Each structure stands twice: as C-alpha cells, then as structure tokens.
Amino acid sequence: MFAGSAHDGVSVYVYPTDRFKTLSLYACWVGELDAATAAPNALVAYCLRRGTRDWPTFTAMQAHLEELYGASFRADVGKLGEHQLLSFRLEIPDGRYLPGHPDTLGAGLDFLQAVMQSPHLTVAGEFPDDVVGQEKDLLRRQIEGLINDKAQYAVLRCIEAMADGAKFGVPRYGRVEDLDGIDQQTVAARWREGRRRWPLLVFGVGAIDAADFEAAVRDRFQGPERARSLRPSKPFTATHEGRLLVDEEDVRQGKLHLGLATGVRLPDADYPALMMYTGVLGSFPHSKLFVNVREKASLAYYAYARVDAALGLMMIGAGIEFSNFRSALDIIRRQLDDMREGRISEDEMAFTLESFTNELKAEADSPSALIGRELERRLLGGGPTSEELEESLARVTRDDVERIAAQVDLDLIYFLTARGEVPAYA
Amino acid sequence: MRETEPLIQETLVTEELPSGLRVSVIPRRGQRRTYATFATYYGSIDSHFRLPESGQTVDVPDGIAHFLEHKLFEKPDGDVMSDFSRLGASTNAYTEYLTTTYLFSTTEHREKCLEILLNFVQDPYFTPENVEKEKGIIEQEIRMYLDMPGDRLHSNLMRALYVRHPVRLDIAGSVESIRQITPEELYQCYRTFYHPSNMWVFVDGDVDPDRVIAAVFENQAGRDYKRQPPIPRILPEEPPTIHQERIAQRMPVALPMLAIGYKDPVENLSGPALARRELVTDLMWSLAIGRSSALFFELYEAGLINDRFGAQFEAAPSYAYSVLSGETRDPDALLERIERGLQKVHFDEKALERHKRRHRGQYLALFNNPGQLAYAHNSFYVRQVDLFHYLEDLDGITLAAIEERFHEHVRADRRALSLIEPEDAKR
C-alpha cells in the first residue's frame with residue numbers, strides 16, 4: 001500500500017517493501033496538454049537531462065549514474081487524457097545488496113533534485129543555446145520517426161483523427177510545426193512555469209521509510225505557487241459515425257483499427273464493468289477477437305481491444321493481409337454485435353476475471369506497475385487501487401457488461417494499407 | 001544442488017532427473033508471480049543435424065523451430081493458451097538462434113500451470129490440416145517483421161556478416177521456406193530435440209524448490225524416456241571473413257538507421273571463458289562508446305545519434321558479433337566519426353571502475369524481474385555459464401585485457417554495415 005499525502009500541490013506517496021533489489025523513484029510535473037506548449041514542454045524534459053549545476057555535461061551526468069551502480073535514469077514526456085506529464089524516473093540499486101552497503105537512496109534523491117531544480121544554465125538563466133538546438137533537432141526526428149513503428153503509428157493516426165482538434169489528440173511530444181519558434185528562452189520559461197506552478201507527484205517504491213521520504217521530498221521540492229488540483233479530462237464522445245479513414249504507406253501488412261467511445265472512465269462506478277467488457281472482447285487469448293480473428297479465421301497475428309481509462313476511449317486493433325480488410329472488419333463487428341446482444345458465456349466471464357485478477361496481483365511484483373497504477377489514480381481524481389479493482393471485478397455480472405455494450409459507440413474505422421491497396425467499403 | 005549467493009541473498013536449487021531433464025528453481029519469498037520456463041536447446045540455426053541414435057543426416061526447411069513453437073500450442077481439443085487463460089495465467093513462447101522457450105506467468109494455480117506447461121510441450125499434435133492453417137498465421141507474423149525497420153536492420157546485418165552460418169537467416173524462416181514444412185518433418189524435429197535430455201525447466205517464484213522438483217519428477221516418471229546422447233548439429237564451416245561489406249534497404253522510415261557489425265572468428269567458447277569474453281567486450285564498448293564516453297558525447301552533440309544509440313555483444317560457441325546501431329540523420333558522417341573516434345580511443349582506468357560498478361548494479365536489477373531473470377538464466381545455461389558466477393571475473397579485468405580485446409575485435413576487415421534508408425518520396 002502506498003502511504004503519503006497531497007498538499008500544497010505536491011503529492012508524495014511511498015510503497016515501502018523489502019521485496020526489491022532496487023529503489024524506484026518517480027517524479028512528474030503535470031501540465032495541461034495543449035498544442036501550443038506541448039513541444040516546448042517536451043524540450044524541458046529533454047534539456048534537463050543534459051546537465052546540472054554539479055554535473056554540467058551529459059557526460060558528467062552519465063558518469064555519475066555509472067558511479068551510482070548503473071542507476072537507470074529517464075526523463076520523458078507522457079500524456080494522460082488532457083494532461084501532459086514531464087516525468088523523471090530513477091531506478092537505483094539498493095545499497096543493502098552491494099559491496100560496502102552504500103546509502104543509495106540519498107544519492108538518488110540528490111540526483112533527482114539536481115536534475116529538476118538545478119539544471120546547468122547560462123549566466124542569463126537560460127538553457128545553453130547548443131543544448132536547446134540539439135534537443136530540438138532530436139525531438140523533431142523523434143516525432144518524424146513515429147512512423148517507424150507501424151502498429152503504434154496506426155494507433156496515433158487513428159486517435160488524432162478521432163480527436164479532431166480536441167486536446168487529447170495533441171501528441172505527447174507536440175508537433176513538428178510547433179518546434180520552429182522555440183528558443184532557449186521559451187524552454188527556460190516553460191521550465192520555470194512547471195517548476196513553480198504545476199502540480200508535482202513523487203513516488204517511491206522499495207526499502208524506503210515513508211515519513212522520512214515524504215519529509216525529504218517536501219524539503220527539496222517547495223513551490224508556493226503550485227496549482228492545488230487538476231482539471232479533469234472530459235470523456236471522449238463519438239462524432240464520426242463509424243466512417244472510414246485510409247492511409248497508404250509502403251507497408252507489407254495492413255493495420256486495421258476501430259476507435260470507440262465507452263463513456264466510462266477510471267473513477268466511474270462502471271469502470272470494472274468496462275474492464276470486463278474489454279477483457280471478454282479482446283484483452284486475452286481466450287477473448288472473442290483473438291479467438292475469432294486469429295484462431296478461427298487465421299486472418300491476423302494479433303487482434304486486441306484496450307481502453308484508455310482517462311478518456312473512456314476504446315481501441316480495437318489487428319494486423320492483417322490487405323485483401324482481408326472486409327472479412328476482418330466483418331468478424332470484428334460480429335464480435336461487437338455478440339457483446340451487445342449478450343452472447344457472452346459464463347466461461348468467458350470467468351476466464352476474463354481470472355486473467356485480470358492475475359494481472360492485478362502481479363502488479364505488486366513490479367515497481368513500475370505499482371507506480372503506474374498509483375499515478376493514474378492520483379491524476380484521474382480517484383479510482384480503485386488494484387486490490388479494490390480485484391474485488392469489484394468479481395462482482396461484475398453479465399448484465400453489467402451488456403449495459404456497457406449498449407453504450408459503446410463506434411466512432412472511426414482506420415486502415416493503414418499499402419499504396420494502391422485501398423479497400424472497397426460501403 | 002543448492003547454492004546461495006550471500007551478497008544478493010538469493011538461492012538456486014538445481015537437480016537433474018533420470019530422464020536427463022534439468023530443473024532449476026529460485027525460491028523468492030513474497031513474490032506474487034510464479035514464472036516458469038520449459039526450454040529446449042533447439043533454435044533457428046538447427047535445421048541440419050544427425051539423429052543421435054542412427055547418425056543419419058537430416059535437412060529440414062528453415063523456420064521449422066519457430067513453426068514447431070507455434071504448433072505445440074495446438075491440441076485436439078483446442079489451443080493451450082486458453083487453458084492457461086482459463087486459470088488466469090498468461091503464457092508465451094519464443095524461438096531464438098539457439099533455443100526455443102515456453103513459459104507461463106501466474107499468481108494462482110501454479111501447480112496446475114506447471115503441469116499444463118510440461119504436458120503441452122511434451123504432447124505434440126500435428127495434422128496436415130492444422131499445419132496448413134498455421135502457415136497463414138506465421139505468414140502474417142513474418143510480414144509483420146518485414147515492416148519493422150529495426151528487425152530488418154539486424155536481419156540484413158547478419159546476412160552481411162555471415163557467409164554460411166545459419167544465424168544469417170531470419171529466425172521465423174521465409175514465407176517460401178515455411179510453406180514447405182510438413183507434419184512428418186515437424187514430428188522428426190520434435191522427437192529429436194524435444195527430448196528431456198536436451199531440455200530444462202526453470203522456475204522463479206514463492207515456491208518450495210523440493211516440491212517443484214518432485215512435481216516435475218512425477219510428470220517425467222509417467223513418460224518412458226531413456227536418456228539420449230547429445231544431438232550432433234551440422235554447421236557449415238564459417239570463414240572469419242564477412243560476406244558483404246554493406247546491405248542497404250529502403251523502407252518508409254523518417255530517419256535512416258545504421259548498424260555496424262564486427263564479427264569474431266569461430267572459437268567455440270563456452271562456460272567461464274565465454275562469460276569473461278562477454279564481460280571484457282561489454283566493458284570495452286562501454287569505455288569506447290558508452291554513454292559517458294567522449295565519443296558518445298561528440299556524436300550526440302553533432303546530432304548524429306540519439307540516446308538510444310548503443311553497442312551490444314552477442315556470443316555463443318559457434319558465433320560472436322558486436323552491433324553498434326541507432327537512428328541517424330547522416331549514416332556516412334556517423335560511420336566516419338565512429339571510425340575516427342575508435343582509432344584514437346583512450347581507455348581510462350577510472351571509467352573502467354565505474355563500469356564495473358554499473359555491471360554489478362545491472363546484474364542485481366535482474367533479480368527484480370522474473371521474466372528477465374529467467375531469460376538471463378536460460379541464455380547463460382545454454383552457454384554453460386552459471387548464473388551466480390557470471391560476474392566472478394569482473395574485478396580481475398584489467399585495462400590491458402580490454403585494449404587487447406579491442407585490437408582483436410574491432411577490425412575493419414571483419415566489419416559489415418546495414419542501412420535502412422527512407423524512401424525518396426517525401427510525405
């Protein structure tokens with residue numbers, strides 16, 4: 001169980017346990033996801049990993065992490081619903097299992113604090129010109145490079161089209177066209193804004209004393225002007241009436257996606273029922289999509305359904321032969337119909353419950369899963385812990401699932417296909 | 001045999017059963033998940049071999065080990081995946097150059113899951129119909145890989161580095177090769193390589209090792225296995241030279257990708273010698289071009305690499321190679337700078353000590369993740385390296401050994417390049 005508290009815009013939660021060989025620290029600033037600021041915010045995270053006052057170069061920082069027994073550090077940008085997260089994650093070996101038993105927790109906190117609060121700046125208080133320029137180029141290429149992973153690219157394109165300009169469709173790194181006007185002043189200004197005003201969440205997992213940790217974090221990360229609360233994301237609603245969007249690229253395999261609105265989000269009472277719905281439909285090898293699209297029809301290597309808990313947006317995906325577009329789509333639609341018409345077996349419910357229970361229990365074995373769940377709850381304004389979720393899933397009935405099925409609304413069909421392989425679609 | 005590592009406080013219990021099957025268990029108090037693998041020393045490179053009893057030579061289509069991996073999940077009454085799924089457990093399998101591994105992960109019903117794992121891998125069921133049907137699924141899998149730039153980059157590099165050794169072939173085979181596979185061939189490979197003498201079980205979880213070993217023993221006792229001698233594998237003679245200096249492929253990517261490979265001549269290293277070779281080579285690359293090196297920073301500052309650029313060494317008795325790879329805006333410039341940088345590389349004592357620490361920390365972190373730990377244990381096992389003794393030589397590795405390794409390994413005449421280039425059409 002996480003212990004801790006949220007006040008003055010700083011939330012600190014610790015999961016004390018003896019079971020891990022490492023100490024996992026995670027800190028993030030949370031801002032509004034907005035097309036105008038997404039790219040400069042992303043650059044803040046990337047410039048901060050380039051150097052601190054004490055370790056002013058990338059090389060010095062890396063050497064320091066090696067000194068800390070190869071602590072792994074990541075500064076990254078994420079998004080959850082309509083929020084953008086600048087996250088800093090450090091996993092550091094627990095000194096109890098190292099020669100000489102060094103105190104690695106203190107060293108880890110020092111490092112995080114230095115990265116987030118005391119970056120290497122010029123005398124003018126800006127990030128160095130060359131650092132910003134290099135990180136801008138890298139970010140531009142990273143955004144352009146999203147097309148390299150076709151499965152991920154197809155999901156991104158589908159979500160972008162579903163959002164139609166709504167905030168949640170803004171890519172977490174921002175857009176290439178927003179990069180041009182950014183200079184070292186913009187980035188420094190965004191950093192100061194985030195550091196002073198954005199809510200900060202800090203999590204620790206491992207052999208850590210909760211009270212000491214919270215005190216240490218509050219001492220290091222003060223910010224009197226910080227926003228106390230987050231504006232919740234709006235649930236996604238369907239507007240495209242199931243129309244088809246096709247992208248043509250030089251690919252060997254087609255990616256078929258269906259985007260749907262469920263109207264249910266993590267804090268909602270119906271969330272466990274939505275989870276069961278998604279599980280029966282497409283989270284597991286026994287689920288309808290896998291069994292019917294892959295096993296029975298041999299049309300795909302993968303076929304899944306998953307839900308974005310912040311928006312209540314469901315995504316169905318399958319990798320298929322181009323010419324099988326029609327038959328795969330028909331089979332997927334039939335599964336949605338079966339869900340709506342209540343053709344759900346006792347077995348499907350039981351297996352889905354077992355599978356989710358297993359996943360939820362296993363979260364306790366993984367520091368990143370523990371932190372991920374707690375972060376989601378804290379950001380989305382409540383919602384069950386994994387233990388609570390386990391209990392409430394067990395109470396979900398077939399009627400509950402059918403009720404969800406009745407409100408699931410197809411928004412958009414997306415197909416990434418090869419050039420010239422555009423399916424006929426009535 | 002029971003062995004405890006005092007510093008990291010973990011225990012490994014191992015026993016070899018009469019059938020030749022080896023069982024290893026790491027008991028982990030308080031861990032919710034039980035993670036088990038059942039693996040065979042049979043991978044994508046084993047398409048040519050002799051039957052251990054008769055000595056008769058067998059040649060089968062490429063991709064058959066991976067095909068077998070798929071097929072073992074199918075039973076007369078359905079797919080084994082759903083048997084695990086019913087219990088809330090998840091299962092998976094993967095085929096590599098040397099091995100094929102079946103696994104499950106569960107928080108409940110672990111005895112039952114272990115039984116299903118042992119049984120499904122030991123009860124093949126291939127029919128002309130189900131083999132034909134699987135070809136459609138595997139074809140989709142192969143096509144999916146053909147669209148993955150990172151996969152192509154590696155695959156092309158292996159084709160460039162190796163002249164004859166089957167590591168130059170894709171693990172899943174090709175659409176053409178898998179179409180030739182028959183149930184008879186699957187059975188023949190199955191009977192040869194899925195013999196317990198050629199296999200091992202690894203379990204990591206909050207379990208009693210003796211009970212796990214007893215359960216596997218009982219399962220084996222019900223099957224009439226006689227110990228089988230080692231299977232002679234026929235590998236072509238691989239020259240120390242490379243096949244082709246450079247392979248480039250165009251794909252829809254935003255940025256070019258470059259992989260530089262360095263190949264070792266065949267030395268048949270295994271056990272502690274192989275472990276030491278890995279450590280020395282890893283340390284060598286870390287010092288030369290790792291994230292805290294001057295060369296890495298130079299390349300990063302010049303905008304030629306991103307922070308995912310890295311070097312890796314992969315070694316087995318019959319092959320060993322390093323790969324330096326990443327995305328880059330300018331592959332020619334990157335290559336030139338790396339070459340120049342490597343020529344004037346300076347190996348530093350302090351940096352060596354830092355990287356030794358990093359190795360210790362990363363080894364320790366393995367024990368946080370049951371999947372990674374099982375993977376590490378299994379790849380060590382097949383190379384005859386003991387999990388708890390992997391770092392034994394670390395402290396004794398000197399700068400001189402690293403310099404020597406550098407001159408022996410980083411040679412222009414054993415180097416090949418693989419390139420993925422964006423298509424000309426601008427979007």
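The values are calculated or read from the model by the stated rules, or taken from the named source; none is laboratory data. Treat the numbers as computed from the prediction; the structure is a model and nothing was measured. A quick note on method: Cβ atoms are made from the backbone with ideal geometry, for glycine too, and the neighbour counts reach across all protein chains shown.
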Check: Under the condition of being in contact with a helix residue (DSSP H, G or I) (Cβ under 6 Å, 6 or more places away or on another chain) and of a type in the set (Phe, Trp, Tyr), which residue from the stretch B:70-103 is farthest from A:PHE284 (Cα to Cα)?
Finding: B:TYR97
Checklist line | In the stretch A:71-93, the residues that are buried (at least 23 other Cβ atoms within 10 Å of the Cβ) and either facing chain B (nearest Cβ under 9 Å) or under 18 Å from B:SER293 (Cβ atoms) (or both) | finding: A:ALA71, A:GLU91, A:ILE92, A:PRO93
Check: Based on what the data block shows, is B:THR95 closer than 21 Å to B:ARG179 by Cα, at pLDDT 95 or above, in contact with a strand residue (DSSP E or B) (Cβ under 9 Å, 6 or more places away or on another chain) and of a type in the set (S, T, N, Q)?
Finding: yes
Next item on the list: Residue by residue through the stretch A:235-274, note down the ones that are within 14 Å of another protein chain (Cβ to nearest Cβ) and more than 20 Å from A:ALA163 (Cα to Cα).
Entry: A:GLU248, A:GLU249, A:ASP250, A:VAL251, A:ARG252, A:GLN253, A:GLY254
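What's the total number of residues in the stretch A:3-17 that are in contact with a Lys or Arg (Cβ under 9 Å, 6 or more places away or on another chain) and of a type outside the set (A, V, I, L, M, F, W, C)? So that I can check it myself, show each step before the final result.
First, pick out the residues of the stretch A:3-17 that are in contact with a Lys or Arg (Cβ under 9 Å, 6 or more places away or on another chain): A:6-13.
Checking the rest, the ones that are also of a type outside the set (A, V, I, L, M, F, W, C) come to A:7-9, A:11, A:13.
So the count comes out to 5.
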Item checked: Failed item, numbered, when A:VAL44 is tested on (1) away from every other protein chain (no Cβ under 14 Å); (2) surrounded by fewer than 23 Cβ atoms within 10 Å (Cβ to Cβ); (3) among the aliphatic types (A, V, I, L, M) -> (2)
Note to self: Six or more apart or on different chains, Cβ atoms under 8 Å: show the pairs whose first residue is in the stretch A:292-312 and farther than 19 Å from A:ARG373 by Cα and whose second is assigned to a strand (DSSP E or B) and of a type in the set (Ser, Thr, Tyr).
What the structure shows: A:ARG294/A:TYR301; A:ARG294/A:TYR302
Next item on the list: Would you mind finding the one in B:GLY303, B:GLY326 that is more than 30 Å from the chain's Cα centre (by Cα), within 14 Å of chain A (Cβ to nearest Cβ) and buried (at least 17 other Cβ atoms within 10 Å of the Cβ)?
Entry: B:GLY303
Checklist line | All positions within the stretch B:41-93 that are acidic (Asp, Glu), surrounded by 20 or more Cβ atoms within 10 Å (Cβ to Cβ) and within 15 Å of A:GLU295 (Cα to Cα) | finding: B:GLU74, B:ASP83
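Name the residue, out of B:ARG250, B:ARG233, B:ARG227, that is in the same structural domain as B:ASN378 (by TED's automatic domain parsing), in contact (Cβ under 8 Å) with a residue 60 or more places away in the chain and of a type in the set (D, E, K, R).
On the way: B:ARG233 fails: in the same structural domain as B:ASN378 (by TED's automatic domain parsing); B:ARG227 fails: in the same structural domain as B:ASN378 (by TED's automatic domain parsing).
On inspection, the qualifying residue turns out to be B:ARG250.
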Check: Just for the stretch B:45-80: of the residues that are more than 20 Å from the chain's Cα centre (by Cα) and part of a helix (DSSP H, G or I), which one is modelled with the highest pLDDT?
Finding: B:LYS71
Notebook entry, point to check: Are any residues in the stretch A:348-364 more than 7 Å from chain B (Cβ to nearest Cβ), over 14 Å from A:VAL401 (Cα atoms) and free of Cβ contacts under 8 Å to residues at least 24 places away in the same chain, and if so, which ones?
Noted result: A:GLU359, A:GLU363
Notebook entry, point to check: Do you know which residues across the stretch A:47-68 are closer than 18 Å to A:GLY125 by Cα, among the charged types (D, E, K, R) and either in contact with a Ser or Thr (Cβ under 6 Å, 6 or more places away or on another chain) or buried (at least 19 other Cβ atoms within 10 Å of the Cβ) (or both)?
Noted result: A:ARG49, A:ARG50, A:ARG53
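If I ask for residues that are within 14 Å of chain A (Cβ to nearest Cβ) and either out of contact with any strand residue (DSSP E or B) (no Cβ under 7 Å at 6 or more places or on another chain) or closer than 16 Å to B:LEU274 by Cβ (or both), which ones from the stretch B:366-387 would you list?
In the first step, residues of the stretch B:366-387 are kept if they are within 14 Å of chain A (Cβ to nearest Cβ); the result is B:366-374, B:376.
B:LEU366, B:ASN369, B:GLN372, B:ALA376, listed by residue number.
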Next item on the list: Considering only the stretch B:300-355, state which residues are assigned to a helix (DSSP H, G or I) and of a type in the set (Val, Ile, Thr).
Entry: B:ILE338
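Hey, any hits in the stretch A:161-168 for a residue that's over 20 Å from A:SER87 (Cα atoms) and among the acidic types (Asp, Glu)?
In the first step, residues of the stretch A:161-168 are kept if they are over 20 Å from A:SER87 (Cα atoms); the result is A:161-166.
Filter once more, so that each one left must be among the acidic types (Asp, Glu): A:164.
Yes, because at least one residue in the stretch A:161-168 is over 20 Å from A:SER87 (Cα atoms) and among the acidic types (Asp, Glu).
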Margin query: Would you confirm whether or not the stretch B:96-112 contains a residue that is part of a helix (DSSP H, G or I), over 18 Å from B:SER174 (Cβ atoms) and within 10 Å of chain A (Cβ to nearest Cβ)?
Written below: no
Check: Any residue at all in the stretch A:97-109 that is away from chain B (no Cβ under 14 Å) and in contact with a Cys (Cβ under 8 Å, 6 or more places away or on another chain)?
Finding: no
Notebook entry, point to check: Does A:ASP411 satisfy the criteria of being touching a residue at least 40 places away in the same chain (Cβ under 8 Å), within 26 Å of A:SER327 (Cα to Cα) and within 23 Å of the chain's Cα centre (by Cα)?
Noted result: yes
Notebook entry, point to check: Within the stretch B:1-44, how many residues are within 14 Å of chain A (Cβ to nearest Cβ) and assigned to a loop (DSSP other than H, G, I, E, B)?
Noted result: 10
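I want to confirm something. Restricting to the stretch A:287-345 and keeping residues that are polar (S, T, N, Q) and within 14 Å of chain B (Cβ to nearest Cβ), which single residue is surrounded by the most Cβ atoms within 10 Å (Cβ to Cβ)? Give the derivation first.
Step one: list which residues in the stretch A:287-345 are polar (S, T, N, Q), which gives A:287, A:292, A:298, A:323-324, A:327, A:335, A:345.
Still in the list and also within 14 Å of chain B (Cβ to nearest Cβ): A:287, A:292, A:298, A:323-324, A:327, A:345.
Working: A:SER287: 24, A:ASN292: 20, A:SER298: 19, A:SER323: 12, A:ASN324: 22, A:SER327: 14, A:SER345: 10.
The residue in question is A:SER287.
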Next item on the list: Check off (1) within 30 Å of A:SER11 (Cβ to Cβ); (2) among the aliphatic types (A, V, I, L, M); (3) in a loop (DSSP other than H, G, I, E, B) for A:VAL251 and give me the number that stays unchecked.
Entry: (1)
Check: In the stretch A:365-420, what residues are more than 30 Å from A:SER345 (Cβ to Cβ) and β-branched (Val, Ile, Thr)?
Finding: A:ILE371, A:THR417
Checklist line | Candidates A:ALA261, A:ALA238, filtered to the one that is outside the structural domain of A:ASP411 (by TED's automatic domain parsing), closer than 30 Å to A:GLU321 by Cα and not polar (S, T, N, Q) | finding: A:ALA238
Notebook entry, point to check: Which one is nearest to A:ASP178 (Cα to Cα) among residues in the stretch A:109-142 that are buried (at least 21 other Cβ atoms within 10 Å of the Cβ) and of a type in the set (Val, Ile, Thr)?
Noted result: A:VAL132
Check: Between residues in the stretch A:249-267 that are touching a residue at least 12 places away in the same chain (Cβ under 8 Å) and of a type in the set (Lys, Arg) and residues that are part of a loop (DSSP other than H, G, I, E, B) and buried (at least 19 other Cβ atoms within 10 Å of the Cβ), which pairs lie under 6 Å by C-beta distance while being six or more apart or on different chains?
Finding: A:ARG252/B:ASP147; A:ARG265/A:GLY312
Checklist line | Positions within the stretch B:204-219 being in contact with a Leu (Cβ under 6 Å, 6 or more places away or on another chain) and under 23 Å from B:GLN372 (Cβ atoms), in sequence order | finding: B:ASP204
